[in-house]
1. Tell me which residues, restricted to segment 31-77, are basic (Lys, Arg), surrounded by 10 or more Cβ atoms within 10 Å (Cβ to Cβ) and either touching a strand residue (DSSP E or B) at 6+ places or on another chain (Cβ under 7 Å) or modelled with pLDDT of 90 or more (or both).
2. Mind checking which residues of segment 1-14 are touching a residue at least 12 places away in the same chain (Cβ under 8 Å) and loosely packed, with under 10 Cβ neighbours inside 10 Å?
3. Quick check on segment 6-23. Is at least one of its residues part of a loop (DSSP other than H, G, I, E, B), of a type in the set (A, V, I, L, M) and under 12 Å from the mean Cα position of the chain (by Cα)?
4. Quickly run through segment 27-55 and pick out the residues that are in contact (Cβ under 8 Å) with a residue 12 or more places away in the chain, among the basic types (Lys, Arg) and assigned to a loop (DSSP other than H, G, I, E, B).
Amino acid sequence: MTVKVQKWGNSCGIRIPKIVLDELRVKEGDSMDIKTNSNEIILSKKMTVAERMNEFNEEYIPKEYFESSDVGGKELW
């Protein structure tokens, strides 16, 4: 995908296509980290703690853990 660099005040900018924003779950007002590497610009979505925890829970903790009804205060320690 190719985008064009355009003047924006005293700086330059690019428009990020909606399909890319949707894929990365980026919306207006989100913060982004920007880095350079040789001839590359690397943009990364800066995630909130809540977003990171939600991603962690979805990836590492089985869904059944949150939906279990076997917990009734009778746990043995």
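The values are calculated or read from the model by the stated rules, or taken from the named source; none is laboratory data. Because the structure is predicted, anything quoted here is derived from the model rather than measured. Please note: Cβ atoms are built from the backbone with ideal geometry, for glycine as well, and neighbour counts cover all protein chains shown.
1. If the condition is that a residue be basic (Lys, Arg), surrounded by 10 or more Cβ atoms within 10 Å (Cβ to Cβ) and either touching a strand residue (DSSP E or B) at 6+ places or on another chain (Cβ under 7 Å) or modelled with pLDDT of 90 or more (or both), then Lys45, Lys46 are the ones that fit.
2. Met1
3. No; the residues of segment 6-23 include none that is part of a loop (DSSP other than H, G, I, E, B), of a type in the set (A, V, I, L, M) and under 12 Å from the mean Cα position of the chain (by Cα).
4. Within segment 27-55, Lys46 is the sole residue that qualifies.
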